[in-house]
Structures are given as structure tokens and as C-alpha cells.
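Student: The structure under discussion is supplied below as C-alpha cells; questions concerning it will follow.
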Amino acid sequence: MSGGPTEDGYLRGFARSVGNRSVELALKVGPAGAVQMIEHAWRLIDHQNDDFDEIWCVADVDDYDIVAAAKRASELGVQLVVSNPCFELWLLLHFESCAAHLNRCKDAERLLKRHLPAYRKAALRFRDFEAGLVQACDRARRLEKAEASYPNPSTGMWQLVERIGGLT
């Protein structure tokens, strides 16, 4: 589950590139918050009677109440991937490190457009990011801070990417 077409486009492209057919992606877009997205994902999987090992949801701090979402995800056993302030930080990390606080998603987009001037959320091409995938994972890991939940900047996308890619 993801919050929008950017995340969906990236994850679908990544899953195709690694050839992992065991991953099923579902997109939920709308004004509902992260708690609703998490509950929807859990209900969707629960009612399909399929054999799923894990449920992951992707959310941005700039769009959702992450504290409530993290609590609900924990209650339901859903993995929550958070990007602070937004998913574009994850995309930027494919090209460069970013340790400076980003006030808004537009700040991350502006930095990303230095590398991809034609970048548009609705027209993401995974191949534009593929070459920097390993570096993005390394850079994202370095942004984690033990003393803070979801510090700015940070993204947990590396964890989902490693699971889909069979790297863990």
C-alpha cells in the first residue's frame, strides 16, 4: 500500500527489475489518513484468504499523522515505511546524500530536479533511479538516528527495497 502514484510507480518498477513475482502491490490513493490506509491494507489481505507473509504500507510525514499510524500498524502487524518529509527524499538519495533538514516536500523535489530536471510525480520511471539503488540504501541507513523516530530527513524505504529484492 502506498499513498500515491510516485511510490506505486517506483515499487512496481523495482519489483519488475528484480523479477520478484512473490510481491503483490496494491495502491490506495485518497484523502484518507495513514491509519485508514493501514487498516484498509490489513482488511484487504485478511479477506482474500491468500497466504501473505507480510503487509507493508508506505507513507510520508508531510501527508499523515505518523504517530497514530505507527501505533495502529504495530497493533495490526503491518510494516510501516515512513519518509520524512516525503518519498522524494528516497528518490534524491539515489543521487546524493542529504542530511540537512527539509522543511517541505518541495525542498526535496527541488534537490531531486538538479539530477532529473524533468521529474514529475505522476510520470516516475524506475530506470532513472536503478543505478543508484545500492547507494540510496546505504545513505538511508546512515540517516537513521536511535534517539528519534522518523527524524527529518529520513526514510525507511531501504528496508522494503531489501525485502522485495531478497537482500535480507
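The values are calculated or read from the model by the stated rules, or taken from the named source; none is laboratory data. Since we're looking at a predicted model, the values are computed, not measured. A quick note on method: Cβ atoms are made from the backbone with ideal geometry, for glycine too, and the neighbour counts reach across all protein chains shown.
Student: Name the residue, out of Leu124, Leu143, that is of a type outside the set (Lys, Arg), surrounded by 13 or more Cβ atoms within 10 Å (Cβ to Cβ), at pLDDT below 95 and out of contact with any strand residue (DSSP E or B) (no Cβ under 6 Å at 6 or more places or on another chain).
Tutor: On the way: Leu143 fails: out of contact with any strand residue (DSSP E or B) (no Cβ under 6 Å at 6 or more places or on another chain).
The match here is Leu124.
Student: Right, something else. Tell me whether the stretch 77-91 contains one or more residues that are surrounded by fewer than 21 Cβ atoms within 10 Å (Cβ to Cβ) and free of Cβ contacts under 8 Å to residues at least 40 places away in the same chain.
Tutor: Yes, the stretch 77-91 contains at least one residue that is surrounded by fewer than 21 Cβ atoms within 10 Å (Cβ to Cβ) and free of Cβ contacts under 8 Å to residues at least 40 places away in the same chain.
Student: Taking the stretch 1-50 on its own, how many of its residues are at pLDDT 80 or above and over 18 Å from Val78 (Cβ atoms)?
Tutor: First, pick out the residues of the stretch 1-50 that are at pLDDT 80 or above: 6-19, 33-43.
From what's left, over 18 Å from Val78 (Cβ atoms): 6, 9-10, 12-19.
Qualifying residue count, the stretch 1-50: 11.
Student: Output the residues belonging to the stretch 142-164 that are within 23 Å of Val23 (Cα to Cα) and either assigned to a helix (DSSP H, G or I) or over 15 Å from the mean Cα position of the chain (by Cα) (or both).
Tutor: Pass one, the stretch 142-164, residues within 23 Å of Val23 (Cα to Cα): 155-164.
Met157, Trp158, Gln159, Leu160, Val161, Glu162, Arg163, Ile164, listed by residue number.
Student: What number of residues within the stretch 89-123 are over 23 Å from Tyr150 (Cβ atoms) and part of a loop (DSSP other than H, G, I, E, B)?
Tutor: Taking the stretch 89-123 first, the residues over 23 Å from Tyr150 (Cβ atoms) are 113-120, 122-123.
After this cut, where a residue has to be part of a loop (DSSP other than H, G, I, E, B) as well, the list is 113-120.
Going through the stretch 89-123 one residue at a time, the tally reaches 8.
Student: I've got another one for you. Restricting attention to the stretch 55-92, which residues are of a type in the set (A, V, I, L, M, F, W, C) and farther than 12 Å from Gly156 by Cβ? Quick ask: steps written out before the conclusion?
Tutor: We begin by selecting, within the stretch 55-92, every residue of a type in the set (A, V, I, L, M, F, W, C); these are 55-59, 61, 66-70, 73, 76, 78, 80-82, 86-87, 89-92.
Scanning the stretch 55-92 gives Ile55, Val67, Ala68, Ala69, Leu76, Val78, Cys86, Leu91, Leu92.
Student: Something else now. If you scan the stretch 55-88, which residues turn out to be under 19 Å from Phe126 (Cα atoms) and assigned to a loop (DSSP other than H, G, I, E, B)?
Tutor: Answer for the stretch 55-88, where residues must be under 19 Å from Phe126 (Cα atoms) and assigned to a loop (DSSP other than H, G, I, E, B): just Cys86.
Student: Scanning for something out of contact with any Phe, Trp or Tyr (no Cβ under 9 Å at 6 or more places or on another chain) and on the phi > 0 side of the Ramachandran plot, does the stretch 117-124 turn up at least one residue?
Tutor: no
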